[in-house]
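Single-structure report; data block below.
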Amino acid sequence: MSVSKNVTVVTLEDSDYLGHAFQWGHEDATEGRDQRGSTYFAMFSPAWVSYNDGFLAGAQMLYSVTGTVRHVWIPEVTA
């Protein structure tokens, strides 16, 4: 299956995107793009969370290698 980053919103049931979401977030952070997980995925869906985890990991790696600071939005989820 070919997956494009031009996805607007992915449904919660579509677990095929979970493996790609972390990678996309990581790439966006390390390549200097803004954090935009909600552009690709429904907010708070598993794929959205995975994208944001990848973005955070990429931002941390970028900082450790280059000293470049990426601002990461981490929503506070309350029950």
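Close contacts from segment 39-61, counting a first residue that is touching a residue at least 40 places away in the same chain (Cβ under 8 Å) and a second that is in a helix (DSSP H, G or I) and surrounded by 21 or more Cβ atoms within 10 Å (Cβ to Cβ), with Cβ to Cβ under 6 Å and a gap of 6+ residues or different chains, come to none at all. Considering segment 43-71, and only residues there that are outside any helix (DSSP H, G or I) and surrounded by 15 or more Cβ atoms within 10 Å (Cβ to Cβ), the residue that is modelled with the lowest pLDDT turns out to be R70. Is one or more of the residues making up segment 19-32 at pLDDT 90 or above and either part of a loop (DSSP other than H, G, I, E, B) or exposed (fewer than 14 other Cβ atoms within 10 Å of the Cβ) (or both)? The answer is yes, given that some residue of segment 19-32 is at pLDDT 90 or above and either part of a loop (DSSP other than H, G, I, E, B) or exposed (fewer than 14 other Cβ atoms within 10 Å of the Cβ) (or both).
The values are calculated or read from the model by the stated rules, or taken from the named source; none is laboratory data. It should be emphasised that the depicted structure is a prediction, and the values quoted were computed from it without experimental measurement. For neighbour counting, all protein chains shown are included, and Cβ atoms are generated from backbone atoms with ideal geometry for every residue, glycine included.
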